[in-house]
Amino acid sequence: MNQRPFIQLNDLHHVYLRGTPLEVTALRGVDMEIYKGESVGIIGRTGSGKSTVVQHFNGLIRPREPGKVLIGGQDMSDPKIEINTIRQRVGLVFQSPQQQLFERLVGDDIAYGPRKLGMERPQRRERVKWAMEMVGLDFEEFKDRYTFSLSGGEMRKTALAGVLALQPEVLILDESTTGVDPRGRKELLERLLALHRDHGLTLVFVSPNMEDVAELVKRIYVMDDGRVVMSGTTREIFSQPEELSNHGLGVPHVSQVAHDLRARQISVDEIPVTVEEGVEEIWKILNS
C-alpha cells in the first residue's frame, strides 16, 4: 500500500439545492482515504450519502462546501484542474446502465472514450476488444448489436466495458450488481476480482448486498446521515452486528449464523465473512 492515499476526503460537506425550500444536507464532514491497489466498500442505508461521496471521486460533483477532495494529489476544488484526465483515471459505473449508454451500436458505445482520447482506429478496436473480453462479451457477437436491444445484464456489462476501455486506475461501482440475477452477479464479481488481482485495479464498491461486499472488498466505510460512522477491515465491521443494526444494516448470512452460534455458547474461532470461511468454521466445530 502506498503511503499517500490516491483518493482523500477531508471534512467534506455537501448540500443539495442550498437556499431553496428543497435544501438537503447530504454530507456532514466526511473523511476517507483510499489507496491504490485497494478494494474498499462503502455501505449504508438509503439516503446515507454513499452516492454523493463517490460522485466526488471523479468530479461529477465538485467540492463547493467546506472540506477538501484530493485525487492523485490534485485538489478537486481547483477550477483549473483537467477534469477529463481525472475521469480517465477514476471510472464510475452507475446502478442503471441506461444512464451511461447512448451510442446505437455496442462497439461504438464502448469505443466512445478511447475515441475522445484521440486513439487511432486500430488501437481503439483492440482496446474495445480487450474491454469486452474483460466483462465476458464476445467481441464478434456483440460489437454490432443494437445497444438498447440488449438484456439488462448485457447492458450492465456494456456500461462496465465502456469505463474499462479507458483503463482507469480506480473503478467505482455504485450499486452495479443490484437487480442482476444470481448467476450474472457471481460472474461479474469473479471478473471484478480478477481485474483487481491480475491488473492491480483499485475497486470502490457501493452495494446494499453484504454478501457481495464480503466477497469483493477488504476494507469498509459505513455511512449514516451523511457521516462515516464506522470504518475498518471487512471482518472487523461484520464482527459488530449490533452496531451495524443501529445504522439500519445487517451482516452476511454466514456471519449472522456464526454470531447466532456464539449466542448459543458454541465456540466459533473467527467470525466468517464468506461462505468458504463459514464452511471451514463449521468443520472445525463438527470435528471438535
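Structure above, values below:
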{"quantity": "Residue match in region 192-206 (condition: more than 19 Å from Val90 (Cα to Cα) and open to solvent by 10 Å² or more (accessible area, probe 1.4 Å))", "calculated": "no"}
{"quantity": "Meets criteria (part of a loop (DSSP other than H, G, I, E, B) and touching a residue at least 12 places away in the same chain (Cβ under 8 Å)) for Pro79", "calculated": "no"}
{"quantity": "Those residues of region 222-243 which are open to solvent by less than 50 Å² (accessible area, probe 1.4 Å), in a strand (DSSP E or B) and either hydrophobic (A, V, I, L, M, F, W, C) or without any contact (Cβ under 8 Å) to a residue 24 or more places away in the chain (or both), in sequence order", "calculated": "Val222, Met223, Val228, Met230, Gly232"}
{"quantity": "Filter result for the condition that a residue is among the polar types (S, T, N, Q), part of a helix (DSSP H, G or I) and either open to solvent by less than 40 Å² (accessible area, probe 1.4 Å) or more than 30 Å from Gln8 (Cβ to Cβ) (or both), over Thr158, Thr177", "calculated": "Thr158"}
{"quantity": "Any hit, region 116-123, residues being more than 27 Å from Ser151 (Cα to Cα) and surrounded by 13 or more Cβ atoms within 10 Å (Cβ to Cβ)", "calculated": "yes"}
{"quantity": "Residues being of a type in the set (A, V, I, L, M), open to solvent by less than 50 Å² (accessible area, probe 1.4 Å), out of contact with any helix residue (DSSP H, G or I) (no Cβ under 8 Å at 6 or more places or on another chain) and farther than 25 Å from Asp198 by Cα - total across region 11-65", "calculated": "2"}
{"quantity": "Test: residue in region 109-132 that is in a helix (DSSP H, G or I) and touching a residue at least 60 places away in the same chain (Cβ under 8 Å)", "calculated": "no"}
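Condition check ((1) among the small types (Gly, Ala, Ser); (2) within 21 Å of Arg87 (Cα to Cα)) across all residues:
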residue: Met134; (1), (2): no, yes
residue: Asp138; (1), (2): no, no
residue: Arg145; (1), (2): no, no
residue: Ser151; (1), (2): yes, no
residue: Ala159; (1), (2): yes, yes
residue: Gly162; (1), (2): yes, yes
residue: Val170; (1), (2): no, yes
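The values are calculated or read from the model by the stated rules, or taken from the named source; none is laboratory data. Nothing here was measured: the structure is a model prediction, and the numbers come from that model. Positions of Cβ are generated from backbone atoms using ideal geometry, with glycine treated the same way; all protein chains shown enter the neighbour counts. When the accessible area is computed, the model is the full protein with side chains, heavy atoms only, and any ligands, DNA or RNA have been set aside. Shrake-Rupley method; radii C 1.70, N 1.55, O 1.52, S 1.80 Å.
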